[in-house]
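See structure below.
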Amino acid sequence: MKTTACGECGANAKVVRGSYPFKESGLPNVVLQGIDLIRCPKCRTTDPVIPRVNVLLRLLVVAVVSKPYRLVGEEVRFLRKYLRMSGEEFSHLIHVDKTTLSKWENNEDPISHQSDRLIRAVTLALGDGLKDKLEEIVRLFGQIEESRSDLRIDINPGEMSYQYA
Ligand SMILES: [Zn+2]
């Protein structure tokens, strides 16, 4: 059995393969599949070993902007943060009221279909390492359907692949 020292207390911790709900992303339904988890018997915590965080985040952005359903609030916030923009800067850029953006991000109002597509396109154009995906993903815009809040995004960091579940 693989073991390692716990990052918190230094105790001998078990390393197991498993799935991990990636709450740190700020997104509600993202699960990392087949990654190493460090289980400390003393702290009673499970810490994921997240490989290549930047590459993983970019993959997650691609999964979000490619999804065939309307964006939910947490996804709008996640994309805005990937662009390293404040609510003020971002709302100015896409020409909506700051309050409107805030209502979208907090799921108080559904995002309009046109703004949904605009946010995806802006993310692809300005986000790190995404420009080569712009054309391919914009061409999928016609397939975006109504909302589906129960959609899960499974990310496999080993294969750098994703799927919707
Ligand atoms: Zn520990």
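Every number in this text was worked out from the coordinates using simple rules, so none of it is lab data. Small disclaimer: the values here were computed from a predicted structure and weren't measured. Every residue, glycine among them, receives a Cβ derived from its backbone with ideal geometry; neighbour counts consider all protein chains shown.
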Mind giving me the FRET efficiency for Ser86 and Ser149? R0 is 45 Å, r the Cβ-Cβ distance, nearest 0.05 is fine.
0.95
Formal net charge of residues neighbouring Arg152 (Cβ-Cβ distance under 15 Å; K, R +1; D, E -1):
-1
With θ set to phi - 60° and the Karplus curve 6.51 cos²θ - 1.76 cosθ + 1.60, what are the ³J(HN,Hα) couplings of region 103-116 in order, to the nearest whole Hz, using x for Gly and Pro?
5, 4, 5, 9, 6, 8, 9, x, 6, 5, 4, 5, 5, 3
Residue by residue through region 146-157, the couplings from Karplus 6.51 cos²θ - 1.76 cosθ + 1.60 with θ = phi - 60°, in Hz, x for Gly and Pro, are 4, 5, 9, 6, 8, 5, 10, 10, 9, 10, 10, x
Dividing the convex hull volume of the alpha carbon atoms of region 53-164 by its residue count, what do you get in Å³ per residue?
98
Over region 103-165, equivalent-ellipsoid semi-axes from the Cα gyration tensor in Å:
21, 18, 12
Rounded to the nearest Å, the spacing of the alpha-carbon centers of region 116-165 and region 38-57 is 25
Between the modelled labels at Thr100 and Thr4 (7 Å from Cα along Cα→Cβ) the distance in nm is 4.6
Entries in Lys103/Lys133; Lys14/Lys67; Lys23/Lys67; Lys23/Lys131 that, when Cα-Cα distance is taken, lie over 30 Å
Lys14/Lys67
I'd like the per residue volume of the convex hull spanned by the Cα atoms of region 3-48, given in cubic angstrom.
66
Antiparallel as a % of all DSSP beta bridges within the chain, to the nearest 5?
80
If pairing requires two Cys Cβ atoms under 4.7 Å apart, which cysteines of the chain are left without a partner?
Cys9
Lysines near Lys98 by alpha-carbon distance under 16 Å, same-chain residues fewer than 8 away left out - which ones?
Lys81
Order 145-156, 51-62 from most to least packed using the mean count of other Cβ atoms within 10 Å.
51-62, 145-156
For Lys14 and Glu135, compute 0.36 nm times the residue count separating them, minus their Cα-Cα distance, and round to one decimal in nm.
39.1 nm
